[in-house]
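Have a look at the structure below before the remarks.
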Amino acid sequence: VQLQASGGGSVQTGDSLKLSCAASGRTAGFAGLAWFRQAPGKDRKFVAAIAWSGRSTYYEDSVKSRFTISKDTDKNMIWLQMDNLEPEDTAVYYCAANFGYGSTWYRSEYAYWGEGTLVTVSS
């Protein structure tokens, strides 16, 4: 399984960005995909997840009203629409895939990770 995230950039407070993650390889076994982020000097943390089958999604509380995760299983892609960005959203964003756990927020349940894409939000 290979995951490739893209779409990061430098924006200002209140702006929007849409991240993309393209998956390839053994995608038929996916149970869920997610976005995590890692701010400078901090641990990698959960942002949002989506089940590969069905409509289940799950969000971290601080992004719930501003971010939207979506998918296209035919294209093997997920996206993260980020609106009303804040400086606290500055981080490297990673997409990840799990087999068997759906829209879980547990980092340890994600076996596959892509390279990150940097999002910088200035005030």
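The values are calculated or read from the model by the stated rules, or taken from the named source; none is laboratory data. On a predicted model such as this, the values are computed, not experimentally measured, just so you know. Cβ atoms come from the backbone with ideal geometry, glycine included; neighbour counts cover every protein chain shown. SASA here: full protein model, heavy atoms, side chains in, ligands and nucleic acids out. Shrake-Rupley method; radii C 1.70, N 1.55, O 1.52, S 1.80 Å.
Against the definition (under 11 Å from the mean Cα position of the chain (by Cα), free of Cβ contacts under 8 Å to residues at least 60 places away in the same chain and under 20 Å from Gln4 (Cα atoms)), how does Phe46 come out, yes or no? For Phe46, the condition - under 11 Å from the mean Cα position of the chain (by Cα), free of Cβ contacts under 8 Å to residues at least 60 places away in the same chain and under 20 Å from Gln4 (Cα atoms) - is not met. Quick one: how many residues across segment 4-38 are free of Cβ contacts under 8 Å to residues at least 40 places away in the same chain and within 18 Å of Glu115 (Cβ to Cβ)? Of the residues in segment 4-38, 1 are free of Cβ contacts under 8 Å to residues at least 40 places away in the same chain and within 18 Å of Glu115 (Cβ to Cβ).
Residues in segment 103-120 that are open to solvent by 20 Å² or more (accessible area, probe 1.4 Å) and in a loop (DSSP other than H, G, I, E, B): Ser103, Trp105, Tyr106, Ala111, Gly116.
The set of residues in segment 81-100 that are open to solvent by less than 10 Å² (accessible area, probe 1.4 Å) and touching a Gly at 6+ places or on another chain (Cβ under 8 Å) comprises Leu85, Tyr93, Cys95, Ala96, Ala97, Asn98. When segment 53-67 is filtered for residues that are surrounded by 19 or more Cβ atoms within 10 Å (Cβ to Cβ) and either touching a residue at least 40 places away in the same chain (Cβ under 8 Å) or aliphatic (A, V, I, L, M) (or both), only Val63 remains. Across segment 27-82, the qualifying residues are those that are farther than 19 Å from Tyr106 by Cβ and assigned to a helix (DSSP H, G or I), and the one among them that is modelled with the highest pLDDT is Thr27. When Gly41 is tested against (1) open to solvent by less than 30 Å² (accessible area, probe 1.4 Å); (2) without any contact (Cβ under 8 Å) to a residue 12 or more places away in the chain; (3) small (Gly, Ala, Ser), just one condition goes unmet, and that condition is (1). Looking across segment 1-26, the residues that are open to solvent by less than 50 Å² (accessible area, probe 1.4 Å) and assigned to a loop (DSSP other than H, G, I, E, B) come down to Val1, Gly7, Gly8, Gly14.
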